[in-house]
Amino acid sequence: GDYLVTLLLGDNTLDDELNNHLSILGISHLLAISGLHITILVNLFVKLLDKLFYFEKPKEIIITIFLLIYIVITNFSTSVVRAALMVILKFYFKSKKDLFTKLDILSIITICVLLTNPKTFFLISFELSYLISFIMITFVPMLKKSNIIINSLKISLVAFMVSLPIVININFELNLLTLLASPLYSFYFELLLIPLAVIILFFPFCEKHMLIFFDLFEKSISYLGEIRLFTFIFGKLNSFEVLIYYLLLFLLFMFPSII
């Protein structure tokens, strides 16, 4: 029940010790409903609707209604609003894709969100969600194509580097295990935990057969969370240090072959 509420509604009710270990490993974001969750749910909906509808328009209308309801259910979560509106506007601008890129759509959403509530700009969730989305849209396609594992590691490394100053100023520490844990558990959530949560929601009698996957997640997180060998303590970074860091990172992204 705690996992269903956390993974599908974004209300974290998991054990404090588990949350602490997730924070130490730098992967707490996996429990927050994000683009990953929206993508999985939309893909599940598409596969279901493909069996019911031949034309694309009815499927897009149903998914749009679902996403708008989901935004309300999750109390207008910053990352949910961004991810859901990205999908909805992608449907709307599909016939105009030569005029509106993904970056245009993200910009439209950003402007609308900030016009609606300018204080959102100061939320950590907004900064991380929109900054990483911007980087993923702008720079990740420049990375050389390779197999899915290498690509996942590259994307994880890019996300890690982009969010580093923000994370340090929140936790005042850096755990290098994040580089390994983030792509590994992203796969685990995408392939197992989130789909299983949806299955259990509709078929509760399957729960006892699937608990092993949730137990494995908890035990592995507890074990890795106790390893402090790769953790480094930092002070709060000042604005000048953050500016220099992002300037150097921008120059690095301009030459993606280096990564």
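The values are calculated or read from the model by the stated rules, or taken from the named source; none is laboratory data. What you see is a predicted model; the values in this text were computed from it and never measured. Don't worry about glycine lacking a Cβ; one is built from the backbone with ideal geometry, like all the others, and counts go over all protein chains shown. Accessible surface areas use protein heavy atoms only, side chains included; no ligands, DNA or RNA. Shrake-Rupley method; radii C 1.70, N 1.55, O 1.52, S 1.80 Å.
What to note about this one:
- Filter result for ALA181 (under 29 Å from PHE250 (Cβ atoms), at pLDDT below 80, in a helix (DSSP H, G or I) and open to solvent by less than 80 Å² (accessible area, probe 1.4 Å)): no
- Any chance PHE187 is part of a helix (DSSP H, G or I), in contact (Cβ under 8 Å) with a residue 12 or more places away in the chain and surrounded by 14 or more Cβ atoms within 10 Å (Cβ to Cβ): no
- Of the residues making up region 7-39, just one is more than 20 Å from ILE227 (Cα to Cα), crowded, with 19+ Cβ neighbours inside 10 Å and at pLDDT 80 or above, namely ILE38.
- When region 206-249 is limited to residues that are farther than 25 Å from ASP15 by Cα and among the hydroxyl-bearing types (Ser, Thr, Tyr), the one that is most open to solvent (accessible area, probe 1.4 Å) turns out to be SER239.
- Qualifying residue in region 219-227 (condition: assigned to a loop (DSSP other than H, G, I, E, B), within 22 Å of GLU17 (Cβ to Cβ) and out of contact with any strand residue (DSSP E or B) (no Cβ under 8 Å at 6 or more places or on another chain)): yes
- Region 71-125, subset among the hydroxyl-bearing types (Ser, Thr, Tyr) and within 16 Å of the chain's Cα centre (by Cα), residue farthest from LEU44 (Cα to Cα): SER125
- Residue match in region 80-91 (condition: surrounded by fewer than 15 Cβ atoms within 10 Å (Cβ to Cβ) and part of a helix (DSSP H, G or I)): yes
- Some residue of region 48-64 being open to solvent by less than 40 Å² (accessible area, probe 1.4 Å) and over 27 Å from CYS206 (Cβ atoms): yes
- Whenever a residue of region 10-36 is closer than 18 Å to TYR70 by Cβ and aliphatic (A, V, I, L, M), its partners that are assigned to a loop (DSSP other than H, G, I, E, B) and open to solvent by less than 50 Å² (accessible area, probe 1.4 Å), lying with C-beta atoms within less than 6 angstrom and at least six residues away or across chains, give the pairs ILE33/GLY10; ILE33/THR74; ILE33/SER77.
- Meets criteria (of a type outside the set (Lys, Arg), at pLDDT 85 or above and closer than 27 Å to LEU131 by Cα) for TYR223: no
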